[in-house]
Amino acid sequence: MVSGLASDSHTWNLVFLQLLIEEFGHEVVNLGPCVPDDLLISECRRLAPGLVVISSVNGHGYQDGTRFIGKLRDAEDLAGIPVVIGGKLGTNGPENSRYADLLVAAGYDAVFEDGAAGLENFRYFAGSLLERKAVS
Ligand code: B12
């Protein structure tokens, strides 16, 4: 499942991720931009995706992302669902950014901030996780 967060209206990042993950050979549900936390959580419950990929580029990723993952991890039935976030997570650029560590501490399984951990790392992470799920 690919999704934007509540404040973020950027769309091509989501289309890009959908195409990329489809290229790995997986089915993708793209919830689109400006998705309220509660809708995102109810869709996770309804669809039980193998991986939730959050994208944020408008500069509010850290705030929106921290709030969302707190709510998701508080829901007992969803606590174990794999969730990653990436993009432009703040407004200072990826250099010297501490968002990755903070977002992992908040509950994300991995963080792919532009520049620091690029698409190759995401390709490797998502590919191996989804493959493991497919055989188990
Ligand atoms: C088009 C655009 C808009 C359009 C969006 C239209 C639409 N429906 O999508 C409009 C005009 C609405 C817009 C609005 C705003 N925008 Co704008 N926008 C852009 C622009 C020019 C292109 C974005 C784009 O489509 N890129 C193409 C996609 C494919 O690439 P991408 O978004 O960069 O995503 C890549 C990576 O980030 C990465 N990635 C993204 N998410 C994830 C997730 C994972 C897991 C992984 C692995 C990788 C990954 O992969 C993608 C491919 O490489 C960028 C500047 C730029 N040249 O990038 C600014 C930009 C994103 N916008 C910006 C800003 C500030 C805004 C506004 C706040 C401006 C304002 N004051 O109103 C608003 C926010 C609106 C909102 N509520 O969110 C800033 C964000 C700054 C930051 N984060 O530091 C940017 C970077 C411009 C800038 N340099 O200042 N924007």
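The values are calculated or read from the model by the stated rules, or taken from the named source; none is laboratory data. Small disclaimer: the values here were computed from a predicted structure and weren't measured. Using ideal geometry, Cβ is built from the backbone for each residue, glycine included, and neighbour counts are taken over all protein chains shown.
List of remarks:
- Single residue of segment 18-56 satisfying the filter (small (Gly, Ala, Ser) and over 15 Å from the mean Cα position of the chain (by Cα)) that is surrounded by the most Cβ atoms within 10 Å (Cβ to Cβ): Ser42
- The set of residues in segment 98-123 that are exposed (fewer than 11 other Cβ atoms within 10 Å of the Cβ) and more than 11 Å from the ligand (Cβ to nearest atom) comprises Arg98, Asp101, Ala105.
Residue by residue, here is whether (1) of a type in the set (A, V, I, L, M, F, W, C); (2) modelled with pLDDT under 95 holds:
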{"position": "Glu22", "(1), (2)": "no, yes"}
{"position": "His26", "(1), (2)": "no, yes"}
{"position": "Pro36", "(1), (2)": "no, no"}
{"position": "Arg67", "(1), (2)": "no, no"}
{"position": "Leu89", "(1), (2)": "yes, yes"}
{"position": "Pro94", "(1), (2)": "no, yes"}
{"position": "Leu103", "(1), (2)": "yes, no"}
{"position": "Tyr108", "(1), (2)": "no, no"}
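- On the stretch given as segment 85-110, residues that are aliphatic (A, V, I, L, M) and free of Cβ contacts under 8 Å to residues at least 12 places away in the same chain total 2.
- Ser42 vs. criteria of a type in the set (Gly, Ala, Ser) and not in a strand (DSSP E or B): yes
- Residue pairs meeting the criteria (Cβ under 6 Å; at least 6 apart or on separate chains; first closer than 10 Å to Gly4 by Cβ, in segment 54-68; second acidic (Asp, Glu) and buried (at least 18 other Cβ atoms within 10 Å of the Cβ)): Ser56/Asp8; Asn58/Asp8
- Residue count for segment 50-97, restricted to those that are within 15 Å of the ligand (Cβ to nearest atom), of a type in the set (Gly, Ala, Ser) and within 23 Å of Glu27 (Cα to Cα): 5.
- Pro33 closer than 19 Å to Ser128 by Cβ and either within 14 Å of the ligand (Cβ to nearest atom) or small (Gly, Ala, Ser) (or both): no
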